[in-house]
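A short worksheet on the structure shown next.
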Amino acid sequence: MNHRSRALAAAAFALVAGACASDGDDTTSDDTAVATDDTTTEVDATTEDDTASDDETGTGDAGDAPDGTDASASDSELADSITLVAYESFPTEGTGVNEQLANFTAETGIDVEILVAGDTGTMLSKAELTAGNPEGDVMWGIDNTFLSRAIAADVFEPYVSPALADIDPEFTRLVPNGEATPVDRGDVCVNYDIGALETAGIEPPSGFDDLVDPAYAGQLVVQNPATSSPGLAFLLATIDEYGTDEAGGWQSYWQQLVDNDVAVADGWTAAYYERFSYYGGDRPIVVSYGSSPPFEVLFADEQLDAAPTGVVESTCFRQVEFAGILAGTEKETEAAMLIDFLVSKDFQAELPLNVFVFPVNENVELDQAFVDYAVIPETSRSLEPAEIDANRSDWIDAWTDLVLG
Amino acid sequence: MSTRSSDESPVQPSGNAQGASGVDVDAITVRFDDHTVLDTVSMSVAPGDVVALVGGSGSGKSTLLRVVAGLLVPDAGRVRIGGEDVTERPTHLRGVGMVFQDNQLFPHLDTADNVAFGLKMAGIGRAERRERAAAALAGVGLAGFERRRVTELSGGEAKRVALARTLIAAPRVVLLDEPLTGLDRDLHDELMCDLAVRLRSAETTAILVTHDHDEADAIADRTLPLASL
Amino acid sequence: MSPNQRPRWLVPALVVVPSVGLATFYLWPFATLLVEAVDRDGTDAVLGRGRTWRIVWFTTWQAVASTVLTLLVGLAPAWVIARFDFPGRRTLVSVLTAVFVMPTVVMGAAVLAVLPDSLDRTVWAVLAAHVLFNVAVVVRTVGAVWEHLPADMEHAAATLGASRLVVFRDVTFPLLRPAMSAAAAIVFLFTFTSFGVIRVVGAAGTRTIEVEVWRRATQLGQIDQAAVLALLQLAALAAVATWSVTAQRRHSRALELRPLARPQRPRRRTDRRIVALVAVATATVALGPFVALIVKSVSAPTGWTLEAWRTLDTAEVRPGLSVGVDPLDALANSLTTMLWATGIAVVVGALASLGIAAAGRAGRVLDAGLMLPIGTSAVTVGFGMLITFDTDPYDWRAAWWIVPVGHALVAVPFVVRTTLGVLRAVEPDLSAAAATLGASPLRAWRTVVVPHLWKPLVVAAAFAAAISLGEFGATSFLSRRGNETLPIAIENLLGRAGSLLQAKGYVLATLLAAATMAVVLVVDRFQERPRS
């Protein structure tokens, strides 16, 4: 079953790639839907060829194909709601992202319910435990640091969105067979509250080394890498910086951070909105995103000439987030439609201001504030996916022992 | 009043023969909530005398006994043993011994350890305790019962053990609270005679509380109806 | 053999549902855990990790420390309540019972609320919560024996020359020791498997084996390692339970069951002072944390406010950003779950009780079997169910009834314990009496035995309701996003740094505490009636 659907997805991917190459231009979401129908019809044909020896040959076993086959059959057969499982920092109402989702509902008649599922690590673990009988239909926000775990646990039903045509192949490198769909990218960087540091008479930190300087004692709040994707990204950044040697490696760096009274929150929301001094907390330095400063400019109560928060560029770690159809959903068709929509230009355009991340859709033009204030590091850190995959749980274990005691 | 002026204070019921002391109860009043159980009751027991207190249930005779033992603090009045005012003195320093209606043997100790308990409290060494307990048990017809569990004793056996336990420490005053109530007739009569003989031969001062006039007559030198006090 | 045989089908008909339920929802998951989930790699990883043994060590020492402290703290109120009559005595007993029935999460919240910030998230807070939580075990277990221990036995020792201290050392303590070790065993087992309290008041690194099972499974996705840890804990529990049973058998004294020694009003002034002191201190310690809960629910950094109560329908970090828990929904979910869990537990428990009582000796197997889920930790029960019912046609992870069934599994043993004693007491004699009056065996059973079930069943239902309302361990695994129960929501909210979110956590904890208190009042009322 699983092998079969993977083979299917691979075939579908090849077809889509071919089709898109010949089209060679930007597709609107409406076109996308049409494209979906076309390609999947062909996939069905392929299915029959591939499984000629199968008893079911010729029955048009569409259920196996994770696609929009049924969409063309009749709109009235679509479910009237679909559940999008997302991490905590995904807005549930009142933002442009939510308006876009309302547009999706208006177009398709499918209501999108957002189920907030804690931080990425927690969300993924629950998805692993419920694999095959998921809590929702689509999951938003498994990042490159956690992705291999999700794939290994068969959390997602592979699906290749026709809308991938507009997405830089750099982002699909990790999901060559449609295991998940890249939806956004960003950089996890150390941020600081410019005003609070000024008041305290402390210079902004310039890199990792500064953070263990006694001058910065009790200033930093990070996220738990077991539960939070920025937390894991920050841990990986330190591993990239200091290496894994016994002496002088990342562990001794973290020991110094502990000695310097680093605070740990379970997730980004708790760290940024509840502990970060800019929002009334007690810590002027926080692990957040390269796109956080422009957000603060755009949403400031009064107009600002400069960003009130800064980014320590040398600490940035590249993050790509993915969405996927949760394996076992009964609403695959609707889920596929939603995935297509999530990577569409209109939706992607809302991401920077509302989810702090950059679109992966190349056709989206960034808001001027982002061009002005966002930090997109020249060279963002990253680790080889294979290395992350092989060591993630050991690193998290070691980190937990070291930092949480 | 007392046969012996007690200069050893606090009084320990040691194994040394202490001799009997008299008991004086002077205008004792005991109230439970609003109910007055004893109203200025006085009585006097001469050294070596065995006195029976009789009265119906609820007449306060057990209460009076407990006042003498120091188990109950009177609202008013004084208690003297051997001429000393012991009203404020805790039970274990009064040198009294008491036999309870339901014996109150210690279930976690074997028969010999029950009998020897008072000796242990008096600081007597293990070897001597063992020896004297065995003798005391033999004295009540229970030779060889040392290692028996007290929970396995019959009613009569348990009563004898309780008696031996009280008498072994030679208390200045022995208090008996309905000691024979609840035993079957044959056993009752047998133990009644036994008790009478033992108290007399030991020349102990004793106060017996009972509702049974025949029992009082058989054991005690004189009988006092509580109502008359 | 008696000619008054009930029909052969009666016992099987009664026990079929409880037996099948137990086999399906306990034995099968347990076997899965043992056989399927545990693998070589996971075992090696867990046993080879130094951290594992540090967690085992922490789990053990905090349980021992909690047990010793609880015994020490509990002895004074046990003595005062057993020996003395004073105004408010019954209320004090009820309060302690209520504290004991309080959900672990509420208990944790209350301790968090009352302790100064400097002690929050420290091991001291954990110990304080454990002691407060379990003091009632000591008061009730030891107090019950103490009440039946005649004051005259202590008096006898006094007349033999023992001072108050010696009386306690040589008479009272040895006689209370079996009850104390029974209480100690219960407290140890509770604190050894502590989960809710640690999750709420412990620091992120404070982990019992139980918490580590949950963390490995739900945060790191290491099912195999979590299973190994669960089994490691079970082995430890089994060892302690076996030791406790043998120790109690060895130490048990055939204390004749005597009538209650009636507690007396303290007559000496010093006694009155001590009684007043102990009673007031006990009440303060027991109730203080709950008053603090209410205070915290109306506190904000800026002063008093009812905002947390008013905006209970959302839990937002800031406009549009939700923490994913809807407090009001959680309240509704908890009540619905409670109704179903109570219904299931009462029906299954009543059938089991009737069956066990009617089956005589053979009933003991089912009786013992139904007790197993208590001996196993709640986390293990929930974890086992989650990884067992994950394949069609037994994929029940999303079934609405899976959480109530998990709760019922934990509650049924209490229902059986509450009802079985009554049934056993009436079984042979009353049936015989009915038979001599012309009732057939079945009719005698129906008209004479079964009616005795109703009153204890009300008490049992109340207990089941309290258990369901507070269940946290199994629910941590079984509940699904969007269907959180109160304890899950409370833990989530109290774990946040935002003051309004925390205040909402305290609001929910206050509501849950009030609901539990109401349940205890029901129990009290129904348990008292037959006596008066």
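Can you name every residue in the stretch C:383-398 that is of a type outside the set (Val, Ile, Thr) and either assigned to a loop (DSSP other than H, G, I, E, B) or within 14 Å of residue C:480 (Cα to Cα) (or both)?
C:383, C:385, C:386, C:389, C:390, C:392, C:393, C:394, C:395, C:396, C:397, C:398
Results for (1) of a type in the set (A, V, I, L, M, F, W, C); (2) part of a helix (DSSP H, G or I), shown as yes or no for each residue.
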{"position": "C:177", "(1), (2)": "no, yes"}
{"position": "C:183", "(1), (2)": "yes, yes"}
{"position": "C:199", "(1), (2)": "no, yes"}
{"position": "C:221", "(1), (2)": "no, no"}
{"position": "C:229", "(1), (2)": "yes, yes"}
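Return the residues of the stretch A:348-379 that are of a type in the set (A, V, I, L, M, F, W, C) and part of a strand (DSSP E or B); say none if nothing qualifies.
A:358
Is it the case that the stretch A:151-167 has a residue that's within 21 Å of residue A:334 (Cα to Cα), acidic (Asp, Glu) and out of contact with any helix residue (DSSP H, G or I) (no Cβ under 9 Å at 6 or more places or on another chain)?
For the stretch A:151-167, residues within 21 Å of residue A:334 (Cα to Cα), acidic (Asp, Glu) and out of contact with any helix residue (DSSP H, G or I) (no Cβ under 9 Å at 6 or more places or on another chain): absent.
Going residue by residue through the stretch A:298-314, is there one that turns out to be crowded, with 20+ Cβ neighbours inside 10 Å, of a type in the set (Gly, Ala, Ser) and in contact with a Gly (Cβ under 8 Å, 6 or more places away or on another chain)?
no
Does the stretch B:164-208 hold any residues that are part of a helix (DSSP H, G or I) and within 14 Å of chain C (Cβ to nearest Cβ), and which are they?
B:164, B:165, B:166, B:167, B:168
Run down C:56, C:64, C:35 and say which single residue is closer than 26 Å to residue C:389 by Cα and not charged (D, E, K, R).
C:35
Just checking: which of the helices (runs of 4 or more DSSP H) contained wholly in the stretch A:142-242 hold 1 or more residues that are under 27 Å from residue A:389 (Cβ atoms) and of a type in the set (Lys, Arg)?
A:147-152
Among the listed residues C:325, C:298, C:348, identify the single one that is within 14 Å of chain A (Cβ to nearest Cβ) and surrounded by 15 or more Cβ atoms within 10 Å (Cβ to Cβ).
Exactly one of C:325, C:298, C:348 is within 14 Å of chain A (Cβ to nearest Cβ) and surrounded by 15 or more Cβ atoms within 10 Å (Cβ to Cβ), namely C:325.
Considering only the stretch A:258-283, how many residues are in a helix (DSSP H, G or I) and either hydroxyl-bearing (Ser, Thr, Tyr) or crowded, with 21+ Cβ neighbours inside 10 Å (or both)? Please lay out each step first, then the result.
Keep residues of the stretch A:258-283 that are in a helix (DSSP H, G or I), which gives A:258-259, A:268-275, A:277-279.
Filter once more, keeping what is either hydroxyl-bearing (Ser, Thr, Tyr) or crowded, with 21+ Cβ neighbours inside 10 Å (or both): A:268-275, A:277-279.
Final tally of qualifying residues: 11.
Let me spell it out: the conditions are (1) in contact with a Lys or Arg (Cβ under 8 Å, 6 or more places away or on another chain); (2) assigned to a helix (DSSP H, G or I), and residue C:136 meets all of them except one. Which number is the exception?
(1)
Yes or no, residue by residue, for (1) crowded, with 18+ Cβ neighbours inside 10 Å; (2) of a type in the set (Ser, Thr, Tyr):
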position: B:44; (1), (2): no, yes
position: B:73; (1), (2): no, no
position: B:115; (1), (2): yes, no
position: B:118; (1), (2): yes, no
position: B:134; (1), (2): yes, no
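If I ask for residues that are among the small types (Gly, Ala, Ser) and within 21 Å of residue C:466 (Cβ to Cβ), which ones from the stretch C:337-365 would you list?
Selection gives C:341, C:343, C:345, C:349, C:350, C:352, C:353.
Name the pairs: first residue in the stretch C:89-104 and over 17 Å from residue C:198 (Cα atoms), second residue part of a loop (DSSP other than H, G, I, E, B), Cβ to Cβ under 9 Å, at least 6 apart or on different chains?
Note: pairs meeting the criteria are C:89/C:263; C:92/C:86.
Looking at the stretch C:37-84 only, could you name the residues that are touching a residue at least 40 places away in the same chain (Cβ under 8 Å) and acidic (Asp, Glu)?
C:39, C:41
List the residue pairs whose Cβ atoms are under 6 Å apart, where the first residue sits in the stretch C:274-288 and is surrounded by fewer than 16 Cβ atoms within 10 Å (Cβ to Cβ), the second is not charged (D, E, K, R), and the two are 6 or more positions apart or on different chains.
C:288/C:114
Checking residue C:491 against (1) more than 30 Å from residue A:87 (Cβ to Cβ); (2) touching a helix residue (DSSP H, G or I) at 6+ places or on another chain (Cβ under 7 Å): exactly one of these is not met. Which one?
The number of the failed condition is (1).
Regarding the stretch C:175-187, can at least one residue be identified that is over 20 Å from residue B:105 (Cβ atoms), crowded, with 24+ Cβ neighbours inside 10 Å and touching a Ser or Thr at 6+ places or on another chain (Cβ under 6 Å)?
Checked the stretch C:175-187: at least one residue is over 20 Å from residue B:105 (Cβ atoms), crowded, with 24+ Cβ neighbours inside 10 Å and touching a Ser or Thr at 6+ places or on another chain (Cβ under 6 Å).
In the stretch C:111-128, what count of residues is obtained for those that are among the polar types (S, T, N, Q) and not in a helix (DSSP H, G or I)?
Residues flagged as among the polar types (S, T, N, Q) and not in a helix (DSSP H, G or I) within the stretch C:111-128 amount to 1.
Looking only at residues in the stretch A:355-405 that are among the polar types (S, T, N, Q) and at pLDDT 85 or above, which one is nearest to residue A:272 (Cα to Cα)?
Out of the qualifying residues, it is A:400.
Tell me which residues, restricted to the stretch A:118-141, are out of contact with any Leu (no Cβ under 7 Å at 6 or more places or on another chain), more than 9 Å from every other protein chain (Cβ to nearest Cβ) and assigned to a loop (DSSP other than H, G, I, E, B).
A:119
Restricting attention to the stretch B:144-154, which residues are touching a residue at least 12 places away in the same chain (Cβ under 8 Å) and within 12 Å of chain C (Cβ to nearest Cβ)?
Passing the criteria: B:149, B:150, B:151, B:153.
Condition first: buried (at least 19 other Cβ atoms within 10 Å of the Cβ), at pLDDT below 95 and β-branched (Val, Ile, Thr). Now tell me which residues in the stretch A:189-239 satisfy that.
Selection gives A:227 alone.
In the stretch A:246-256, which residues are hydrophobic (A, V, I, L, M, F, W, C) and surrounded by fewer than 21 Cβ atoms within 10 Å (Cβ to Cβ)?
Across the stretch A:246-256, the qualifying residue is only A:247.
Examine the stretch C:357-368 for a residue that is away from chain A (no Cβ under 14 Å), in contact (Cβ under 8 Å) with a residue 24 or more places away in the chain and of a type in the set (Val, Ile, Thr), and state whether such a residue exists.
Checking the stretch C:357-368: not a single residue is away from chain A (no Cβ under 14 Å), in contact (Cβ under 8 Å) with a residue 24 or more places away in the chain and of a type in the set (Val, Ile, Thr).
The values are calculated or read from the model by the stated rules, or taken from the named source; none is laboratory data. Nothing here was measured: the structure is a model prediction, and the numbers come from that model. Positions of Cβ are generated from backbone atoms using ideal geometry, with glycine treated the same way; all protein chains shown enter the neighbour counts.
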